[in-house]
Structures are given as C-alpha cells and as structure tokens.
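K.L.:
Please read through the structure below; I'll follow up with questions.
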C-alpha cells in the first residue's frame, strides 16, 4: 500500500507527540482522534511513527513549528467568519416604509442629555461627529449620487447601511438641540434627494419622539402619517413646527405662529403691545442678519450648506416660559465681525477680552460675540444695523425675567434680564456649526387683558 503524507500532516503529528511529552492537550494525537479513527488509519499512524524515528531533531522542530503556524491561520479564519455572521440588524424607517437592514460599522451614540446648556461638550462633540460622518459633506462625491441604503450585490438578501446615529439612547433633548438635528436632516435631504432613514424609531423615548414630532422632524423625513398614532399631547409643553427660509420675508409667518403659541401660556389673553413689538423686532433683526451676512460666497463652512435659517419655539405652560430658537449654518460672528465697516469701533473691546494664551482654535470666539453686542449698542453714527442684538436684549429686559444666549462657532455669550454680572462668556474647542440664538422669556401679564 502506498500512502502519501503531506508535510503539514507529518508536522501536525510531530506537534501532537511533542505536546504529549510535555503533558499538554494534543487534539490531533492518537489519543484524541478516537478508537475508530485509530483502527482505520493504523497503517498511516505506523508509517508516521517510523518516519518520525528517522527525522533529525532540527527537522522535527521545523515540521512542528510549521504545523503550529498553519493551525493558527485556520483559527483566525474561523474567528473572522464567525464575526461576519454576527450582523447588527436594525429597523430603517423612511418614506418608502419600514425594513430590516444590517449595519456595516458600529453606530455612534449621542449623550443621554442632548442639550447645549446642561451638557455642552458632549452635545457639541455629537454634532461635530454627525457632520463629519454624514456622507453628503464629502466634497469629492456628488451628493446626488449618494444613497443611504445599499442594495445587496446579488440582488437578494438584506440591504445595508454604513452607520447611523442611535437616538434610542437619548433621554432628554432641548429645543435648541432638536432644531440643529432637524436643520441638518433638511440640509441632507436637499443635497442628496432624501433624508437619512430614522433607525429603530420604536425604541425612541416618548419625550424625544414628542419633541421631534411637534417640531416637524418627521415631516422632513417623510414619516408624519406613519407615526402620527404614537403622538400624545401631555398638555405641559408644546413645540412650534419649525420654519425655514432664505430671506427675511418669513418674519410675518413666524410672528403669527409665535403669537398663537404664546396664547397657550397666557390662556388666550395674548401679549402686551410692548412685548409683541419687541418680539417682532428681535425676530426681524435676526432674520435680516442671516439673510444679509450669514452665507457669503467666499466663506467655506467645511461642509455643504443650503443657505437657510430655521426658527421654532416652545411654550411651557407650567413654567410660564416661551423659548425661541433661531439657527443658521453659515458664517459665524467671529468670522463676519472683522469684515464689518464699523469693526474699528470695537477693536479696543476685543483686545481687552482676548486671552493672551489661547488653548484652542475657538478660544477667543466669545470675545467677538461680546464685542458684537457692544457694537450694536455703540453710537457710531454710521449706517450700520449691527447684529440686531439690542432688540434681542430689549425683549429680555421688557419681559423682566429671561435669558438671551448667542452661540456662534465655538463661543457663547449669555445675557440675563436685570442682572448685575452683565454678559457671561464661555468658549469651547468644538464649533456648533453656525450661529444659534435662543431666548428664554417669562411672559408678563397683559395689562390690557381685563379691558378687552
């Protein structure tokens, strides 16, 4: 009988024999292969034993080492194949329906508290990661060629998605953070032709779902009718549907929506003429500023924009507060202020506020925002409207209780009604991706309500 034995089989036998001599487990030895296998391959085993006696020590070591390496390679292949079978399957909700897809890369997760006030650093990091990982920000790829879901190669099987943001872990979301999410989904929908699918919507918390539903987020992604049965108004707070535009003509529509929303707080009595005028003036100035200065042609935002502003509001019936948010993704105050005609009027102010030893790129952004507030209130005698910040501050002062927050690029300035500490500044190492203006005001009683 002629028996052909490969080098690998011989080396494997030698490896097992040496392991037995050392008292180790040898899975391929005669002991481990079973009695039936020993009887069937007795001639082969006898031949291996005779060959082994004739081999030199160096050859025995070479065969054993080769067998160990081959065994390691096979073990790695088995681990890789098993990891491929453990796919992350998620539900993708889009205007086309709901379908199961598998995820190629692990998702990135926002913080449980998505809020610029109470969890600033983590919230900024999430939105920065979102802009970087969104496919439409890549300038080398035409966005109209992109697709959020990839078809299987053979035409059969499950679609896939590269990655996604896992909103199921969010427990609390602020109105400002919700506006930034909705704005970015609208931006991507305009660039790609469709918004990214919402993943595992059935796992989202009720407060997050309610906030985004009232905001109009599901209208942007084409899911309003499909998810409307889940919406429930708890009567405590209500968010105005987000409005967007490219010029200041949307001020009238925004004012009408805000007046209707404020009626929930004032129980139908409406706003006083003074508060109503200050509110309209602040909105008008903010929208004019975005339309005129936020999107210069020579400014590179780092990702594609669509030249819009977004505005919404939330009425809290229990706290009697009205929160108004305006957001744009354009050039920020630290970028546009040095290009203004009246910049020389605040150079000294900026020089006093700028830190001599900056720790990051945006370390002095808050100084520029604070200087813009000074520029708006200074009497320069020039035909310059400023940033509309005086009107924004007037709204806070007239109401008597409230707060104005201006977050532009990596800087933030806060102004509180009738406070002694003036403007509070802070800077962060990450950008908010534009300018975010937020009023939180406690509406006063309407003195004309009883006479009406």
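The values are calculated or read from the model by the stated rules, or taken from the named source; none is laboratory data. Only a predicted model underlies this, so the values are computations on that prediction, with no experimental measurement involved. Positions of Cβ are backbone-derived with ideal geometry, glycine not excepted, and every protein chain shown enters the neighbour counts.
Rundown of residues vs (1) assigned to a helix (DSSP H, G or I); (2) free of Cβ contacts under 8 Å to residues at least 12 places away in the same chain; (3) farther than 13 Å from residue 242 by Cβ; (4) in the same structural domain as residue 134 (by TED's automatic domain parsing), yes/no style:
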| position | (1), (2), (3), (4) |
| --- | --- |
| 168 | yes, no, yes, yes |
| 178 | yes, no, no, yes |
| 181 | yes, no, no, yes |
| 184 | yes, no, no, yes |
| 196 | no, no, yes, yes |
| 207 | yes, no, yes, yes |
| 214 | yes, no, no, yes |
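K.L.:
When you scan the range 217-249, how many residues do you find that are part of a helix (DSSP H, G or I) and more than 27 Å from the chain's Cα centre (by Cα)?
P.N.:
Looking only at that region, the number is 2.
K.L.:
Continuing with this model, one more query. Would you mind telling me which numbered condition in (1) at pLDDT 90 or above; (2) surrounded by 11 or more Cβ atoms within 10 Å (Cβ to Cβ); (3) not in a helix (DSSP H, G or I) residue 100 fails?
P.N.:
(2)
K.L.:
Given the conditions (1) buried (at least 18 other Cβ atoms within 10 Å of the Cβ); (2) over 30 Å from residue 91 (Cα atoms), which single one is not true for residue 221?
P.N.:
Checking residue 221 against (1) buried (at least 18 other Cβ atoms within 10 Å of the Cβ); (2) over 30 Å from residue 91 (Cα atoms), the one that fails is (2).
K.L.:
Would you point out the residue of the range 392-433, among those that are under 20 Å from the mean Cα position of the chain (by Cα) and outside any strand (DSSP E or B), that is surrounded by the fewest Cβ atoms within 10 Å (Cβ to Cβ)?
P.N.:
The qualifying residue surrounded by the fewest Cβ atoms within 10 Å (Cβ to Cβ) is 429.
K.L.:
Need pairs with beta-carbon distance below 7 Å; first residue free of Cβ contacts under 8 Å to residues at least 60 places away in the same chain and within the range 417-442, second in a loop (DSSP other than H, G, I, E, B); sequence gap 6+ or separate chains.
P.N.:
Close Cβ pairs satisfying both conditions: 417/400; 417/401; 418/400.
K.L.:
So if I check each of 265, 306, 288, which one is in a helix (DSSP H, G or I), surrounded by 15 or more Cβ atoms within 10 Å (Cβ to Cβ) and either within 29 Å of the chain's Cα centre (by Cα) or outside the structural domain of residue 402 (by TED's automatic domain parsing) (or both)?
P.N.:
Only one candidate passes the filter, namely 288.
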